[in-house]
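Visitor: Input: one structure, supplied below.
The values are calculated or read from the model by the stated rules, or taken from the named source; none is laboratory data. Bear in mind the structure is a predicted one, so any value in this text is a computation, not a measurement. Glycine gets a Cβ as well: all are built from the backbone with ideal geometry, and neighbour counts include every protein chain shown.
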């Protein structure tokens, strides 16, 4: 009896292990590829700094082992970034069988949109925000004070910004899911707009470097995405009160 009772749980563990192995293999493959081409990858990542006005002639590292671990860290995050769609697919494939069919139909489009929004946030950060941020920070150089960026600090800054913008661009998915499952209503999201704007500016200040331009560049797209979530909810008929419930309340 115990063996029969435990068999579904064991099957879930086996399935979870298989999904995790596939996800880890994808990330590892991407990381190995990124490390093999580490010079080209790092050259691409450092381009916004090199192309900035007043850019330094060279980057530095201060510990003997620092550059090696920078390449390892860069390779891992590149593997995770590139393999994100497959990782999400494996997570979804494990979770989906436990949902009802109508729940799968609701959640699946949002899961599919997640990596695209994350990539959009990363691309916006790299091509728009990062060049402006580099110009801003390097403008503080003087004749007596010169910037000598460390590869470790630059990569940490880049990764933080990348994931901050990538996760921030998931706002429409989060709001639409909450409205779809009735956690919040469309009317509540619309009424919360002014507070959401304040919260967005606070979050932007925490997620970006301490300069007004970077904060504004993150806050404005988030406000646009918040409004876009409302427009999509109206278009898709999400977040509206149930007519039957309204009739019960009125009666």
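Visitor: For the range 121-134, name all the residues that are crowded, with 16+ Cβ neighbours inside 10 Å and closer than 20 Å to residue 170 by Cα.
Guide: If the condition is that a residue be crowded, with 16+ Cβ neighbours inside 10 Å and closer than 20 Å to residue 170 by Cα, then 121, 122, 124, 125, 126, 129, 130 are the ones that fit.
Visitor: If you check residue 52 against the conditions, is it surrounded by 13 or more Cβ atoms within 10 Å (Cβ to Cβ), assigned to a loop (DSSP other than H, G, I, E, B) and touching a helix residue (DSSP H, G or I) at 6+ places or on another chain (Cβ under 9 Å)?
Guide: Spelling it out, residue 52 is indeed surrounded by 13 or more Cβ atoms within 10 Å (Cβ to Cβ), assigned to a loop (DSSP other than H, G, I, E, B) and touching a helix residue (DSSP H, G or I) at 6+ places or on another chain (Cβ under 9 Å).
Visitor: Just wondering, is there one or more residues in the range 232-239 that are at pLDDT 85 or above, buried (at least 19 other Cβ atoms within 10 Å of the Cβ) and not assigned by TED's automatic domain parsing to the domain that holds residue 113?
Guide: The answer is yes; a qualifying residue exists.
Visitor: Okay, next question. If residue 208 satisfies all but one of (1) on the phi > 0 side of the Ramachandran plot; (2) in contact with a helix residue (DSSP H, G or I) (Cβ under 6 Å, 6 or more places away or on another chain), what's the number of the condition it fails?
Guide: Going through the list (1) on the phi > 0 side of the Ramachandran plot; (2) in contact with a helix residue (DSSP H, G or I) (Cβ under 6 Å, 6 or more places away or on another chain), residue 208 breaks only (1).
Visitor: State yes or no: is residue 23 more than 26 Å from residue 149 (Cα to Cα), in the same structural domain as residue 73 (by TED's automatic domain parsing), part of a helix (DSSP H, G or I) and in contact (Cβ under 8 Å) with a residue 40 or more places away in the chain?
Guide: Yes: the conditions hold for residue 23.
Visitor: While we're looking at this one, here's another question. Do the conditions hold for residue 64, that is, is it assigned to a helix (DSSP H, G or I) and either over 24 Å from residue 123 (Cα atoms) or in contact (Cβ under 8 Å) with a residue 40 or more places away in the chain (or both)?
Guide: no
Visitor: Being modelled with pLDDT under 90 and either within 15 Å of residue 81 (Cβ to Cβ) or surrounded by fewer than 14 Cβ atoms within 10 Å (Cβ to Cβ) (or both) is the filter here, so list the residues in the range 142-156 that pass it.
Guide: Hits for the range 142-156 are 142, 143, 144, 145, 146, 148.
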